[in-house]
Amino acid sequence: MEVLASILGTFLLVLAIVWLLVCYLLSKAGGWRRLASDYGNPLPYTGKVHRGVSGLLRGFAQYRSALVVGVDQYGLRLEPVALFKPFHSPLCLPWSDLVGVRDEEVLKLREVTTLTFRKHPTVTVSLARSCADWVRTELGGHWPMAAG
């Protein structure tokens with residue numbers, strides 16, 4: 001019985017380490033950590049949220065039904081669900097830095113709205129179109145674009 005408990009404990013430890021590595025690589029490769037360097041927001045958000053949102057960072061780092069999206073007059077709030085929190089601090093992407101919005105299809109399978117922000121234009125944030133439509137509605141039917 002002790003051997004089985006030891007094997008199970010070792011397996012769980014290895015699983016946890018592998019998951020932390022996956023979270024780290026996803027945040028690094030997708031650009032979440034880069035966005036957090038300028039747009040990280042440790043303050044809790046208490047406004048309206050859309051849960052279980054799918055999104056892409058840089059067009060390939062997938063967060064399938066793993067994002068919580070909030071919107072207010074300051075910006076777009078992004079936070080991963082609990083399972084992905086390691087190495088993913090909450091973000092507030094300010095509307096004043098929004099420089100691009102485009103609707104597109106990813107791999108001809110999924111409709112998304114892709115956002116680009118001034119400080120990190122290579123780290124695009126693509127949200128499922130249904131969530132982007134919700135954000136647009138919350139904002140009064142339009143995306144606020146920074147001047148210049």
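Tabulated data
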{"item": "Whether the range 63-148 is rounded, prolate or oblate, judged on the alpha carbon gyration tensor where a/c under 1.5 counts as rounded", "result": "rounded"}
{"item": "Relative contact order %, the range 1-140, counting alpha carbon pairs below 8 Å whose residues are six or more apart", "result": "21"}
{"item": "Residue among Val101, Val68, Val14 with the largest mean-square fluctuation in a Gaussian network model of the chain, springs linking Cα atoms under 10 Å", "result": "Val14"}
{"item": "Rounded accessible area of Phe11 (nearest 10 Å², 1.4 Å probe)", "result": "120"}
{"item": "Paramagnetic reach from Glu104 (point 7 Å along Cα→Cβ, amide N under 17 Å) across the range 112-148", "result": "112-118, 120-130, 132"}
{"item": "Choice from Leu93, Leu25, Leu57 showing the highest fluctuation, given a GNM over the chain with Cα pairs closer than 10 Å", "result": "Leu25"}
{"item": "Length added when fully stretched, Ser65-Lys119, from 0.36 nm per residue minus Cα-Cα", "result": "16.8 nm"}
{"item": "Size of charge dipole - the range 37-148 - debye, nearest 20, with Cβ of Lys, Arg +1 and Asp, Glu -1, no other charges", "result": "220"}
{"item": "Between the range 13-69 and the range 72-116, the Cα center-to-center distance that results, in Å", "result": "10"}
{"item": "Label point distance in nm, Met145-Glu2, each placed 7 Å from Cα along Cα→Cβ", "result": "7.0"}
{"item": "Helix axis angle, 129-138 relative to the chain longest principal axis, alpha carbon, degrees", "result": "50"}
{"item": "1.4 Å probe accessible area per residue over the range 20-79, in Å²", "result": "53"}
{"item": "Inter-label distance for Ser37 and Thr10, nm, one decimal - labels placed 7 Å from Cα along Cα-to-Cβ", "result": "4.0"}
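The values are calculated or read from the model by the stated rules, or taken from the named source; none is laboratory data. Computed from a prediction, not measured in an experiment: that's the story for all the values here. No Cβ is skipped: glycine too gets one built from the backbone with ideal geometry, and neighbour counts run over all protein chains shown. Ligands, DNA and RNA are excluded from the accessible area calculation, which covers all protein heavy atoms including side chains. Shrake-Rupley method; radii C 1.70, N 1.55, O 1.52, S 1.80 Å.
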